[in-house]
1. What is the order of 37, 186, fewest Cβ neighbours within 10 Å to most?
2. Once a ≥ b ≥ c are taken as the square roots of the eigenvalues of the Cα gyration tensor of region 119-210, is the result rounded (a/c under 1.5), prolate (a/b larger than b/c) or oblate (a/b not larger than b/c)?
3. For Rg/Rh (Cα atoms, Kirkwood Rh), which listed value, (1) 1.00; (2) 0.96; (3) 1.20, comes from the coordinates shown?
4. Relative to the longest principal axis of the chain, what angle (0 to 90°, nearest 10) does the C-alpha long axis of helix 295-307 take?
5. Out of the GluC sites (Glu not before Pro) in region 275-321, which ones are loop residues according to DSSP with at most 10 other C-beta atoms within 10 Å?
6. What 222 nm value per residue comes from the helices of the chain, counting each DSSP H run with n ≥ 4 as -39,500 (n - 2.57) and dividing by all residues, nearest 500 deg cm²/dmol?
7. To the nearest 20 debye, what charge dipole does the chain have about its Cα centre, counting +1 at the Cβ of each Lys and Arg and -1 at the Cβ of each Asp and Glu?
8. Per 0.36 nm of contour for each residue apart, how much would the distance between residue 105 and residue 168 grow if the chain were fully extended, relative to their Cα-Cα spacing?
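Each value in this text was obtained by applying a stated rule to the coordinates, not by laboratory testing. Just so we're clear, the structure is a prediction, and the values are computed from it rather than from any experiment. Positions of Cβ are generated from backbone atoms using ideal geometry, with glycine treated the same way; all protein chains shown enter the neighbour counts.
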Amino acid sequence: MRPRLPLLLAGVAILAGMVGASGCGSTGGDRPEENATLVLDFTPNAVHAGIYSAVERGYDDAEGIRLRVREPSSSTDSVKLLLAGRADFAILDIHDLAIAREQGRDIVGIMALVQRPLAAVLAQPAVRTPRDLEGRRVGVAGLPSDRAVLRSIVAGAGGRPARVRKVTIGFNAVPSLLSRRVDAATAFWNVEGVALRRRRPGIREFRVDEFGAPPYPELVVCATRARLRESPGLARALVTALARGYQLTLQDPASSATDLLERVPGLRRELVRAELDAVSPAFASGARRYGELDAARLGEWAKWEARFGIVDRPPDVSRAFDPQFLP
């Protein structure tokens, strides 16, 4: 799926303006001159291209940090590493951030990696609308957010979520759909959705923000509040370096894809480019500057988060996010 040109150019304009205002590099006299570890939310894919461009092109060094990027070994790895002090920063799914905070972990989001949800229900070609999922088998990974996404999408299409037959399939949406073990599955449209459409072009894609969810930022750069108080300059330098990396991703996606492929052997170039084409509009969609944490959007997300049972109460947005580190 190719990004629409106006959306892509709008994203480039936002990033170019932000970087132009902050200069070509360096946070000035507040250079931390430190090592920093950033843990990803998932195995490396095109959504992380800007991170790898920041490292490959030395944008981290220019800001006074030496960034090490780590892959998580499980979905809960990132939060544990942050709390144990074994990672300085982590990319968290925004739902994991909400759950961690409800459990009393003072983890804070400081930058949005994307500006819209990446969650979706992917369905066999015969499923014309989410309402058709009533009485059908739908695969879920087993996470609270999966069930919330499924309920939101089915209800948003006028269906009855209680009538959907849920099957736990782990993170096996692609093989489960290709083998027709399930009629649909919750997954990410920017990764599994791209892979599936390449092998079964007629696959249906129902994105959660097209069926009732607000346009929340799915992936957020996070740190513990204690780490932010200890080294605010480090956080500021990281955010500036990443913003430069994503500027490159939007302006020159082919080069950014090459940076990712150089740093992560084994990825397939054609798949990375297809994923990047799909996800690029989400990097700056509706934002006034790259990485923006919009309080109004987050407030709507917090209400949705509690309404669909991911957490018991809406997260306190003023405590869960701190936008002061953005350029």
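1. Details: 37 16, 186 26.
If I rank by nearby Cβ atoms, fewest first, I get 37, 186.
2. Note, shape of region 119-210 comes out rounded.
3. From the options (1) 1.00; (2) 0.96; (3) 1.20, the structure gives (2).
4. Approximately 40 degrees, to the nearest 10.
5. none
6. Details: 14 runs with 138 residues, N = 327.
After summing the helix terms and dividing by the residues of the chain, the value is -12500 deg cm²/dmol.
7. Around 1360 debye, computed over the chain.
8. This chain segment gains 19.9 nm when fully extended.
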